[in-house]
1. For the range 1-90, state the semi-axes of the equivalent ellipsoid (square roots of 5 times the eigenvalues of the alpha-carbon gyration tensor), sorted largest first and rounded to whole angstrom.
2. Scanning the chain for helices, which whole DSSP H stretches are 18 Å or more long along the axis (Cα) and average -1.0 or more by Kyte-Doolittle?
3. Given just the C-alpha atoms of the range 225-300, how large is their convex hull per residue in cubic angstrom?
4. Please find, in a Gaussian network model of the chain (springs between Cα atoms separated by less than 10 Å), the residue of Y261, Y235, Y46 whose mean-square fluctuation is greatest.
5. Under 10 °C and 1.306 mPa s, how fast does the chain diffuse according to Stokes-Einstein, given a Kirkwood radius computed over C-alpha pairs? Answer in µm²/s, whole number.
6. Using a Gaussian network model of the chain with C-alpha springs under 10 Å, which one of Y41, Y295, Y201 is most mobile by mean-square fluctuation?
7. Can you figure out the FRET efficiency of N266 with V91, using R₀ = 41 Å and their beta-carbon distance, to the nearest 0.05?
8. Students often forget the sequence filter, so: which lysines lie under 27 Å Cα-Cα from K268 once same-chain residues fewer than 8 apart are removed?
Amino acid sequence: VGHVHKSDASYGPQKPALDMRFLRDVLENENYFDKTLNNSYAGWWYCCIPIEHIEERGLPLPVFVRGDDVEFSLRNAPGFITLNGICIWHVGFAGKFNAAMELYQVHRNSFVIQAASGICADVDFFKRIKTMFWKEITRFAYNNAELLLDSIEDFMKGPEWLENLNGEQSLKEHAAKNEKLVPLETLTEYPHAMKDDPYEYKRLSLWSKAWYVLTINGHLLPGFMLRNFPSVIAYDWFFVPGKNFRRKHLIAVNSNDNTGYLRTINRKRCFALIKRYRKVVKNYKKNHTKVEKQYRDHFAEMTTVKFWKNYLGINK
């Protein structure tokens, strides 16, 4: 069972981390369920739903992949039955981080499902994207920042755009913006990339924190004030400003497969993205209420069998 966190608009498991080699954890996994959490949902992983239920309440929204199971589950407010004998074993999401999927697809779909069916009304996805944008800028992940803006812009195109979207083509186009990671051993100039821990935490003093924010981590500083030697940071969501601070280069590492990408500060790209960010934010604030109503008005239609047959080309 998953949960949409109100505090930061993130998705995650409802249950705590458990080690299924131990009987006590097996028993806790069988019984644990926090009924006080409002935004709990069941993923599609291994999910059985009565056909009569679907006929009565409609099909999911056309946002596969990411978010369709969340919306369908929260819309129908079901009870959950989870069994230890039925499990899905997979790499943790941090281990298979895909920027196009996590930064574009997830956030675009989060806006859509919230607007169309009214779920997660107390969750601020817009605030999350704004926070993440500045994080990505300050760790020189300019493509990641671009993907976040893409998610808002595409949502604002409205339901008719979504209804006619080629989902597979959209995924390919945005996946092309993913950083091209290479084996760490090929970064011969930086042997420490294979040794340093990308998840090591490094603190910043209060003064350094202020300097980090005010200068957009060096984008407003002359080059001689920045250090050439790159820090090794995590490629996924893990964010440590202390490692990013006053660097010209950063090596983003996926320790799951020992690959990485060398990022370099680019002031021109940074300021162009900030300009676009202000334009996107202005448009969202001005028009999001109108666009959200359009999604609500199209909701009933988008969950019908007739719509899905046309959407999938079954009637053609």
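Only the coordinates and a few stated rules stand behind these numbers; no lab work does. The shown structure was predicted, so the numbers you read here are calculated from the model rather than taken from an experiment. Neighbour counts are summed over all protein chains in view; Cβ atoms, including those assigned to glycine, are modelled from backbone coordinates with ideal geometry.
1. Working through the eigenvalues yields semi-axes of 24, 16, 12 Å.
2. 125-138, 142-155
3. Dividing the Cα hull volume of the range 225-300 by its residues yields 159 Å³.
4. Of the options given, Y46 has the highest mean-square fluctuation.
5. The diffusion coefficient I find is 73 µm²/s.
6. Y201
7. 0.85
8. Once the sequence-local lysines are set aside, what remains near K268 is K127, K130, K135, K172, K177, K180, K209, K243, K248, K279, K282, K285.
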